[in-house]
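The values are calculated or read from the model by the stated rules, or taken from the named source; none is laboratory data. Being a predicted model, the structure only gives us computed values, none of them experimental. Glycine gets a Cβ as well: all are built from the backbone with ideal geometry, and neighbour counts include every protein chain shown. Quick note on the areas: whole protein, heavy atoms, side chains included, nothing else; ligands and nucleic acids left out. Shrake-Rupley method; radii C 1.70, N 1.55, O 1.52, S 1.80 Å.
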Amino acid sequence: MSIRVKQTLAVLASLVVAGVMLLLGLWQMSSYEESTRDVSAERAAQAPVPLADQVSADGAVADVYARRVTLSGTYLPDYQALVGIDNGGRPCRGSSGDAVNCALLRVTTAFRMSDDRVIAVVRGAVEPGSTAPMPPSGTQDIVGVFLAPDKSADASPYGADLATLRVQELVQTWPSPLVGGYVTLPAEDSAAQGLAEAPLLLPEAEGSPTHRGYALQWWVFAAGAVAFGVYTARGFAKRASTPAG
């Protein structure tokens, strides 16, 4: 077998091995991306639970954030705010998963639950400069997604009363006791009140670094396989050019 053929076979073999390792790396990266899938969306799709049962007397909240909850009570129309949307640069999505307008302002109204505790309810959204309709009167039974307070923001968007929905700010002017979180109504309930759908600001889950590490490892192995093939091919040429002793 000629030296040229040996070199070609060595390089081809290394490329085949490298190709397999690249595919394995892509598979691991796909597993990593799957692990970053927002599990909050799955929580939001679970059966609703009564919110009153999940908040203790001292205000501690059980693990129901990003889940649908049920609550009964009445809206307090005198306590309402237009709140901006800070989605961390991510696309804004509605309760159905479809894209919605990030420039909208969330219509947030105080809601006195049947046990006298008060919670902020995002009834829907309006465009900046618009007037939000009054909430429905009388006892209301609502279902929505319960979320933790938003992170703080430096400045309010145009037309907003608050930059983000933070209980720490609402508690200064709203009735107490105020539940440490807020509920966002689904699109159909918002539409029934003459409002646009408010973005559902679900938290993102972090991916497992293990899968990403394995992907990088396979790609390093692939580079090593190619380097070894080139080294072997050069070795054949070097041995062929060395005079026999």
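Taking region 115-132 as the region of interest, how many residues are at pLDDT 95 or above and loosely packed, with under 15 Cβ neighbours inside 10 Å?
Qualifying residue count for the region: 0.
State which residue pairs qualify: first residue under 11 Å from Y75 (Cβ atoms) and inside region 99-113, second residue open to solvent by 30 Å² or more (accessible area, probe 1.4 Å) and of a type in the set (V, I, T) in any location, beta carbons under 7 Å apart, and separation of 6 or more residues or different chains.
R112/T74
If you take the residues in region 134-152 that are part of a loop (DSSP other than H, G, I, E, B) and in contact with a Leu (Cβ under 7 Å, 6 or more places away or on another chain), which one is surrounded by the most Cβ atoms within 10 Å (Cβ to Cβ)?
D150
Out of all the residues in region 97-108, which are open to solvent by less than 60 Å² (accessible area, probe 1.4 Å), assigned to a strand (DSSP E or B) and over 16 Å from R166 (Cβ atoms)?
Matches in region 97-108: V107 only.
Check off (1) modelled with pLDDT of 90 or more; (2) closer than 19 Å to P149 by Cα; (3) outside any strand (DSSP E or B) for L71 and give me the number that stays unchecked.
With respect to (1) modelled with pLDDT of 90 or more; (2) closer than 19 Å to P149 by Cα; (3) outside any strand (DSSP E or B), L71 is out only on (3).
Might you let me know whether region 42-62 holds any residue that is open to solvent by 70 Å² or more (accessible area, probe 1.4 Å), small (G, A, S), modelled with pLDDT of 70 or more and closer than 25 Å to Q140 by Cβ?
At the first step, the residues of region 42-62 found to be open to solvent by 70 Å² or more (accessible area, probe 1.4 Å) are 42, 45-46, 53, 57-58.
Restricting the remaining residues to those that are small (G, A, S) gives 45, 57.
Filter again for modelled with pLDDT of 70 or more, leaving 45, 57.
Then keep just the ones that are closer than 25 Å to Q140 by Cβ; that gives 45, 57.
Yes, because at least one residue in region 42-62 is open to solvent by 70 Å² or more (accessible area, probe 1.4 Å), small (G, A, S), modelled with pLDDT of 70 or more and closer than 25 Å to Q140 by Cβ.
Please state which one of A244, A222, A215 is in a loop (DSSP other than H, G, I, E, B) and modelled with pLDDT under 90. Please lay out each step first, then the result.
Details: A222 fails: in a loop (DSSP other than H, G, I, E, B); A215 fails: in a loop (DSSP other than H, G, I, E, B).
The match here is A244.
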